[in-house]
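What follows draws every value from the coordinates through simple rules; no lab data is involved. Being a predicted model, the structure only gives us computed values, none of them experimental. We place every Cβ from the backbone using ideal geometry, glycine too, and count neighbours over all the protein chains shown.
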Amino acid sequence: MRLIEIFAATLLLAVLALAGCAVNPVTGKRELALMQVSDTEEIDIGKKAFGPALQQMGGEYNDPQLAAYVNNVGQRLARLSARSNLPYEFKVVNDSSPNAFALPGGSIAISRGLLVNLENEAQLASVLGHEVGHVDARHSVQGMQRGTLLNVGLSVLSGVTGGTGYSAVAQQAGQLAASLLDNSYSREQERESDRLRLGIDYMVRAGYNPIGAVQLQEFFYRKIEGGAEPMWLSGLFRTHPFSKERLEANEAYIRSHHGQALNNPNSMLLPEPLMAATARLRQTQAAYDLYDQARQLEGQGNLSQAVATYLQAAAAAPDEALILTGLGMAYLKAEDEGSARRHLERAVQLDGNYYMSRMGLGYVYLQQKQDKQAVEELEASMKLLPSLQGGFLLAEGYEKTGQKQKAAQLYQDVAKADPQGKLGRAAAAKAKALGGI
């Protein structure tokens, strides 16, 4: 063997020794990773990323009864899972795109757009059980270990965010959330989460009829067959690959492993509880269809038609904060600050837990020289989701309220985070003028 080959073999053995191999307790497979992630680290990474992930998708849907119902169904499955020791939490995210996602450690969400399409609790259990399966099999962690995302996650864990500033740690937490949301599962991981003691098995153990999983996957297939519903392809199936073969494999698995539950009249489908819990969702669906149309028109540059469509959506569902936020932000683009303020204030009054409505209102207050109120709104926005725009506006608020040192530091943070961007260069100039650079 040549010297170079000996060296390469020795180096490979050293890497393998450093990386270590462990057997996944759920899948039974041996996993190789350059750095192992403990359960505690996995849980902390998921929790740090969950809030920003929800904010990036519209925030939590503000319906406490629905939230409690979804969490109760999820917890029923989590108690029977292979990693029942994890602190599972289940949320409803206010996003029209049909979607569901699981972060490391047990943080799981289902979107408004998927939930409104379900017909019974067994179908909900199928969705949530599938996501529990991804957590149990550590699929997100495997993806992090294979790329550079793990370094970002560990940096977030080891860092300390300073106050409300746009610090490096806050920036990394947002990047981590976005990357985890965009992390696609492999077809093999989808099959594992479907079958291998995971999603389907969990719902059957919890007393649900697996016909719910069959109904759901047949519905999914109809939505994507021949590209019928582009929103589904850009939502759930962008990160969760689906195929007719997977549908047929799951149906065969259910027949062979859960035939008794399939034909058991005591196995639960429970359409009534789901319909009762999602009543408000269904009542507002037409309004959110208009909201989605308005967003599309706005994206196409047709601002006047977008505002008119947002107004139709708000008239159909006057107490939906996300619709009012969209309308308020569109009025800001149209330079109608009075209308923007009225709708954004109402949105914050209904639900103050979405960063965009707080940031938009903070901007209006700055323009109208109500600087103290602007700082309050912008600080709230930055706590929900630190952003470059929010950080720059908050720095302006600090400057206008005489808090020069805080303003200079925050301008510097924005400049470091966006050194080549328009906002970053403006922030650098502001910091320099204040004597910060």
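Shown is the FRET efficiency for Lys400 and Ala334, computed with R0 = 22 Å from the Cβ-Cβ distance and rounded to the nearest 0.05: 0.35.
For Lys400, the lysines whose Cα falls under 27 Å of its own Cα, not counting residues fewer than eight places away in the same chain, are Lys333, Lys369, Lys372, Lys383, Lys416, Lys422, Lys430, Lys432. Here the Karplus relation 6.51 cos²θ - 1.76 cosθ + 1.60, evaluated at θ = phi - 60°, turns the backbone of region 406-420 into coupling constants of 4, 5, 4, 5, 6, 4, 4, 4, 5, 4, 5, 6, 9, x, 9 Hz, with x for every Gly and Pro. Spin-label model, Asp289/Ala68: points 7 Å from Cα along the beta carbon direction are separated by 3.1 nm.
If R₀ is 56 angstrom, what is the calculated FRET efficiency for the pair Gln389 and Asn263, using the beta carbon separation as r and rounding to 0.05? Walk me through the intermediate numbers first.
Working: r = 57 Å, r/R0 = 1.01.
Approximately 0.50, to the nearest 0.05.
Quote the FRET efficiency, to the nearest 0.05, computed for Gln312 versus Arg255 with a Förster distance R0 of 51 Å and r equal to the Cβ-Cβ distance. Could you put the intermediate results ahead of the total?
Numbers: r = 47 Å, r/R0 = 0.93.
Efficiency for this residue pair is about 0.60.
The phi torsions of region 272-286, fed into the Karplus equation with coefficients 6.51, -1.76 and 1.60 and a -60° offset, translate into couplings of 4, x, 5, 5, 5, 5, 9, 4, 5, 4, 5, 5, 9, 4, 4 Hz, rounded to whole numbers, with Gly and Pro shown as x.
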